[in-house]
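Q: I'd like to ask some things about the structure below.
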Amino acid sequence: MTRFFVAWEFDRSKMPNEPKEKMNILMNLLNEGMEAKIKGLLSDWESFSNLSGYFVINGTDMEVMQFLTKYSSYLKFSQPTMIVSLEQAIENYTKLAKMVAVAPKQ
């Protein structure tokens, strides 16, 4: 399972002007985010005071794409960035170092 970091912000141009409608949309998005967190799709979700934040999503490329598409009506997303653990980074660079050591010199 791959983890991705995604920054988000509400697209204010797509939000209704009427406060009650806006609050209903916000609460629906937050509740759906909580459901995704409970199911394990999101391992972290944080919000800042300016209607933006980030989350860490766990899944395949397709699952991430489906999640982002589902919420793209009201949210803008950054480019999803793959996250690797310290152990994964050590493993990767150890393999890379071995490849470099056996590479022919030019």
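Q: Near K22, which aspartates and glutamates are there with a Cα under 15 Å away, not counting those fewer than 8 places off in the same chain?
A: E9, D11
Q: Still on this structure, please answer the following. Please check: in the Gaussian network model of the chain (C-alpha springs, under 10 Å), which one of Y54, Y74, Y93 has the largest mean-square fluctuation.
A: For the chain, modelled as a Gaussian network with Cα springs under 10 Å, the answer is Y93.
Q: I would also like to ask the following. Calculate log10 I(q)/I(0) of the range 54-95 for q = 0.23, 0.24, 0.30 Å⁻¹, where I(q) comes from the Debye formula with a single equal point scatterer on each Cα and nothing for solvent.
A: -0.82, -0.86, -1.10
Q: Still on this structure, please answer the following. When the dipole is taken about the Cα centre of the range 1-64, and only Lys, Arg (+1) and Asp, Glu (-1) are charged at their Cβ, what size is it in debye, to the nearest 20? Walk me through the intermediate numbers first.
A: On the way: 7 positive and 10 negative charges, 22 e Å.
Charge dipole of the range 1-64: 100 debye, to the nearest 20.
Q: Using a Gaussian network model on the chain with a 10 Å cutoff between Cα atoms, which of V56, V64, V84 fluctuates the most?
A: It is V84.
Q: With each pseudo-label sitting 7 Å past Cα toward Cβ, what's the S72-S52 distance in nm, one decimal?
A: With each label point 7 Å from Cα toward Cβ, the separation is 2.0 nm.
Q: Placing +1 on the Cβ of each Lys and Arg and -1 on the Cβ of each Asp and Glu in the range 25-99, which of Y71, G53, N92 has its Cα farthest towards the positive end of the resulting dipole?
A: Positive-end residue among those listed: N92.
Q: Given the peptides 12-20, 65-73, arrange them by the average over their residues of other C-beta atoms within 10 Å, most packed first.
A: Packing order, densest peptide first, comes out as 65-73, 12-20.
Q: Let me ask another. What is the Cα coordinate range of the chain on the first, second and third principal axes, sorted by size from largest, in whole angstrom?
A: The principal-axis extents, from largest down, are 67, 30, 26 Å.
Q: Right, something else. Out of I57, I83, I25, any idea which swings most in a Gaussian network model of the chain, alpha carbons joined below 10 Å?
A: I25
Q: Taking the Cα of L96, stepping 7 Å toward and past its beta carbon, and measuring to each backbone N in the range 40-83: which are under 16 Å?
A: Flagged as within label range: 82-83.
Q: Also: Tally Lys/Arg at +1 and Asp/Glu at -1 over every other residue whose Cβ is under 12 Å from the Cβ of F77; what's the total?
A: 0
Q: Report, in order of residue number, the helices in the chain meeting two criteria: a C-alpha extent of 20 Å or more along the helix axis, and a mean Kyte-Doolittle hydropathy of at least 1.0; treat each whole DSSP H run as one helix.
A: none
No value in this document is a laboratory result; all are computed from the given coordinates. Model, not experiment: these values are computed from the prediction. All Cβ positions, even for glycine, are placed from backbone atoms using ideal geometry, and neighbour counts span all protein chains on display.
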